[in-house]
């Protein structure tokens with residue numbers, strides 16, 4: 001491995017590439033059309049970003065690579081990995097819910113790498129905010145999900161406009177997806193990396209039978225039975241997600257919800273609170289089954305079973321990742337219609353008669369009305385909270401600094417005192433709004 005590549009991996013906290021990443025790197029550099037199929041959590045983002053460095057030219061001004069993703073969260077996750085690598089190449093990320101004026105301003109100096117959702121990138125093309133004549137590499141990440149979301153027209157429009165493409169990379173966690181003609185990808189070099197056997201060794205699937213059609217009481221007992229460990233709880237519909245989350249909160253189990261019908265800012269805050277330990281249970285749709293930057297989980301709970309087996313697989317991919325063990329729990333009622341992939345041989349879990357409900361999360365998230373564009377960084381926030389707010393090192397958890405906002409996890413019992421101490425204080429000569437994030 002070249003010295004520069006080692007530097008980028010070191011910046012990511014990675015010692016070496018796995019076998020899939022090595023195969024993908026070779027295929028992307030040596031071929032024009034590539035299909036990369038690999039499970040959620042196997043490291044696909046690094047697999048296509050690392051070889052991209054050899055395809056970019058520092059002497060070219062303009063967008064050289066375009067990455068299309070089905071969701072804003074996945075786009076932002078790819079951007080975070082790229083920035084952490086420390087490549088020196090500018091990156092911009094465009095998506096709905098983000099101010100168009102800010103995106104247009106960022107194009108004053110065009111990025112080498114542009115990441116975005118199909119709808120937003122198509123909007124920019126219609127406005128002619130950037131040129132495509134330097135784009136030689138196109139990456140469609142989770143392209144099958146983009147198809148499911150109905151982005152065919154936008155993707156087709158974008159690909160037809162990028163007339164000088166030399167390399168096309170399709171990425172998916174699902175095998176067997178038909179490649180649309182509009183992608184221009186024919187007879188691709190396929191890198192297929194499946195870890196099903198390994199996953200079977202590390203993933204345990206348990207059936208949990210509910211005596212009532214409304215499974216909420218069974219869910220509460222299950223959470224108590226697994227000693228209140230963190231979990232992702234999957235439902236099939238948005239209204240069910242919100243209802244289930246509310247019922248858990250009513251029962252004293254602190255939970256948050258996440259689905260595609262939420263405003264972008266609310267979705268981001270939900271994920272931040274889950275990542276930093278301010279919420280231990282997240283109730284969600286299949287939107288969270290892949291492509292999101294959330295922690296490795298020990299427990300996945302299927303409050304509703306999906307209709308399709310590949311979605312079941314993607315949900316389970318949130319646990320038992322990278323050789324770690326995990327458990328998927330399926331809550332079913334006797335009269336429930338079960339999908340074809342349901343296996344009666346999965347072991348049934350007997351719920352505990354006596355159990356203890358979870359305590360409130362250890363941390364609480366604070367919102368700060370300033371970010372990178374205000375010249376704030378993590379060191380500034382840590383210093384301010386420590387010196388002015390009298391926090392000890394262990395009182396602070398994960399801190400995330402965005403463009404215009406920041407979020408910090410603070411031990412719950414220290415929040416009231418902290419807010420009182422810093423109420424009239426300035427950070428870096430400015431007074432920022434700091435409050436509990438909802």
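Just so it is clear, none of the values below were taken in a lab; they were calculated from the coordinates. Computed from a predicted structure; not experimentally measured. Heads up, the Cβs are rebuilt from the backbone with ideal geometry, glycines too, and the neighbour counts pull from every protein chain shown.
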With an 8 Å cut-off on Cα pairs and a minimum separation of 6 or more residues, tell me the relative contact order of the stretch 288-389 in percent. 23
Which of rounded, prolate or oblate describes the chain when judged by the alpha-carbon gyration tensor and an a/c cut-off of 1.5? oblate
Based on other C-beta atoms within 10 Å, arrange 126, 313 from fewest to most. 126, 313
In terms of the Cα gyration tensor, with a ≥ b ≥ c the square roots of its eigenvalues, is the stretch 1-78 rounded because a/c is under 1.5, prolate because a/b exceeds b/c, or oblate? rounded
Using a 7 Å offset from the Cα along the Cα-to-Cβ direction at both residue 59 and residue 307, what is the distance between the two label points in nm, to one decimal? 5.5
Expressed in nm to one decimal, what extension gain is obtained for the pair residue 362 and residue 436 from 0.36 nm per residue of sequence separation less their Cα-Cα distance? 25.2 nm
Could you please state, rounded to a whole Å, how far the C-alpha centre of the stretch 162-191 is from the C-alpha centre of the stretch 282-301? 27
Kindly state, to the nearest 0.05, the FRET efficiency for residue 131 paired with residue 263, given R0 = 30 Å and r defined as their beta-carbon distance. 0.40
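Between residue 80 and residue 236, what length in nm is gained on full extension when 0.36 nm per residue of separation is reduced by their alpha carbon distance?
On the way: separation 156, 0.36 × 156 = 56.16 nm, distance 2.91 nm.
So the chain would gain 53.2 nm between residue 80 and residue 236.
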Once you've got the GNM for the chain with C-alpha springs shorter than 10 Å, pick whichever of 298, 90, 393 has the biggest mean-square fluctuation. 393
Please compute the modelled spin-label separation between residue 373 and residue 148, points set 7 Å along Cα→Cβ, answer in nm with one decimal. 3.3
For the stretch 51-115, what does the alpha-carbon gyration tensor say about shape, rounded, prolate or oblate, given a ≥ b ≥ c as the root eigenvalues, a/c under 1.5 as rounded, and a/b over b/c as prolate? oblate
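Want the number for residue 243 to residue 333: 0.36 nm per residue separation, take away the alpha-carbon distance, what's left? Kindly include the intermediate steps, with their values, before the conclusion.
On the way: separation 90, 0.36 × 90 = 32.40 nm, distance 1.84 nm.
This chain segment gains 30.6 nm when fully extended.
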Simple spin-label model, 7 Å along Cα-to-Cβ: residue 354 to residue 178 in nm? 5.9
